[in-house]
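Inspection log for the structure reproduced underneath, given as structure tokens.
The values are calculated or read from the model by the stated rules, or taken from the named source; none is laboratory data. Because the structure is predicted, anything quoted here is derived from the model rather than measured. Positions of Cβ are generated from backbone atoms using ideal geometry, with glycine treated the same way; all protein chains shown enter the neighbour counts.
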Amino acid sequence: MTLVQLRHFIVLSESGSFAKASKLLFLTQPALSRSIQALEYDLGHALFDRIGRRIELTMVGKQLLSRARRLVQEADSLKAIGRQMQDGVSGIVRVGLSSGPGAILSTPMLLHMAQHHPRLQLEVARGNTELLIHALRAQRLDAAVVDIRALRPAADLTVSEQVEMSASFLCRKGHPLDEVGVPVPFERLLAYPIASTPLSDEVARMLTERYGAAANPDDMVTLRCDDTATLVEVARSSDAIVLTIKAAGRDLVPLDTVPALNATARFGLVTLAHRAEVPGLRIVRELVTRLLTA
């Protein structure tokens, strides 16, 4: 018994004749007759009474018709779901976002999915790079967007959609150091609270090489938090200065320090190298690239 035979059975029962059903199915009458006979053989019962040129469902045929319709409808539904998942418009995608990417991507990603892909389930997890990569390897995540300078190279990881973003010391408008066109010596920053997420060893070395021992994050940073958005909000509401990517605090003022900071963060989408990607990840890839480069 096959779905094709069930479809033939349904069409034949609805049309009432082999001639009409054959035309609807684009089959010859002998081919349709063989299909129905094979189905009756498998079921062990006749499904139709042949009355001259007319046919009528037997009692068994009447009982099986509604079930056959349900089976075919379920099969069609499964096919539709499969096509939707292949197109990335349904299913589940689980994405981890570290602090910087999370501040830029979380709300726009969720909003985009709600508006354009309502059948695609997006689960966003937040955490530091180490925790997110651990979850990725445990297959609790399908991808993670992190600062790849904090990522240890590994053969089982693939990094794509890399985007470099400028970073700066940022303060609120009207801050005592917000003097238009006036460079600010680094030492003046230390008179105010310095906020930052935990920084990589690479960034720590860059800061100390540029500004001296006073810029060692262990001593310089007085407000430390894994959530960039929280630190940006603190800077908006106080005299605290936040060290982060400019895109995370577009309404804040980048300070022109002496010497110049000239720092960047490099974000990328990380996946497992040998794991088949879920279909919806294609949409996330395109969205991540568009939002980070906007």
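Picking from residues in the range 42-64 that are in contact (Cβ under 8 Å) with a residue 12 or more places away in the chain and assigned to a helix (DSSP H, G or I), the one that is nearest to L6 (Cα to Cα) is L64. Just wondering, is there one or more residues in the range 158-174 that are assigned by TED's automatic domain parsing to the domain that holds H274 and over 29 Å from L207 (Cβ atoms)? Yes, the conditions are met somewhere in the range 158-174. Checking every residue in the range 247-260 against the condition of being touching a residue at least 12 places away in the same chain (Cβ under 8 Å), loosely packed, with under 14 Cβ neighbours inside 10 Å and either closer than 27 Å to A138 by Cα or under 24 Å from the mean Cα position of the chain (by Cα) (or both) gives zero matches.
Somewhere in the range 126-139, is a residue acidic (D, E) and either in contact with a strand residue (DSSP E or B) (Cβ under 9 Å, 6 or more places away or on another chain) or outside the structural domain of R282 (by TED's automatic domain parsing) (or both)? Looking for residues that are acidic (D, E) and either in contact with a strand residue (DSSP E or B) (Cβ under 9 Å, 6 or more places away or on another chain) or outside the structural domain of R282 (by TED's automatic domain parsing) (or both), one finds none in the range 126-139, hence no. No other residue among R53, R67 is at pLDDT below 90, within 49 Å of the chain's Cα centre (by Cα) and of a type in the set (D, E, K, R) apart from R67.
Close Cβ contacts (under 8 Å, 6 or more residues apart or on different chains) running from residues in the range 181-206 that are in the same structural domain as D218 (by TED's automatic domain parsing) to residues that are in a strand (DSSP E or B) and of a type in the set (D, E, K, R) comprise A195/R224; S196/R224; T197/R224; P198/R224; S200/D147. Taken over the range 219-233, the criterion of being assigned to a helix (DSSP H, G or I) and either under 9 Å from T197 (Cβ atoms) or touching a residue at least 40 places away in the same chain (Cβ under 8 Å) (or both) is satisfied by T228, A229, L231, V232.
Checked against (1) within 18 Å of the chain's Cα centre (by Cα); (2) farther than 14 Å from G96 by Cβ, A138 passes all but condition (2). The residue of the range 95-122 that is nearest to C225 (Cα to Cα), among those that are modelled with pLDDT under 95 and outside any helix (DSSP H, G or I), is S98. Considering the range 160-189, the residues that are crowded, with 16+ Cβ neighbours inside 10 Å and aliphatic (A, V, I, L, M) include one that is nearest to D256 (Cα to Cα), namely V184. Does E277 satisfy the criteria of being at negative phi, assigned to a loop (DSSP other than H, G, I, E, B), surrounded by fewer than 20 Cβ atoms within 10 Å (Cβ to Cβ) and out of contact with any helix residue (DSSP H, G or I) (no Cβ under 7 Å at 6 or more places or on another chain)? Taking the combined requirement at face value, the residue satisfies it. Please verify whether M220 is surrounded by 19 or more Cβ atoms within 10 Å (Cβ to Cβ), of a type in the set (A, V, I, L, M) and farther than 26 Å from G268 by Cα, treating the condition exactly as stated. Considered against the rule, which asks whether it is surrounded by 19 or more Cβ atoms within 10 Å (Cβ to Cβ), of a type in the set (A, V, I, L, M) and farther than 26 Å from G268 by Cα, M220 comes out as yes.
Note on the range 15-36: residues that are outside any loop (DSSP other than H, G, I, E, B) and either within 17 Å of L3 (Cβ to Cβ) or outside the structural domain of L64 (by TED's automatic domain parsing) (or both) total 8. From the residues in the range 235-251 that are outside any helix (DSSP H, G or I) and in contact with a Gly (Cβ under 9 Å, 6 or more places away or on another chain), which one is nearest to T289 (Cα to Cα)? The residue in question is I245.
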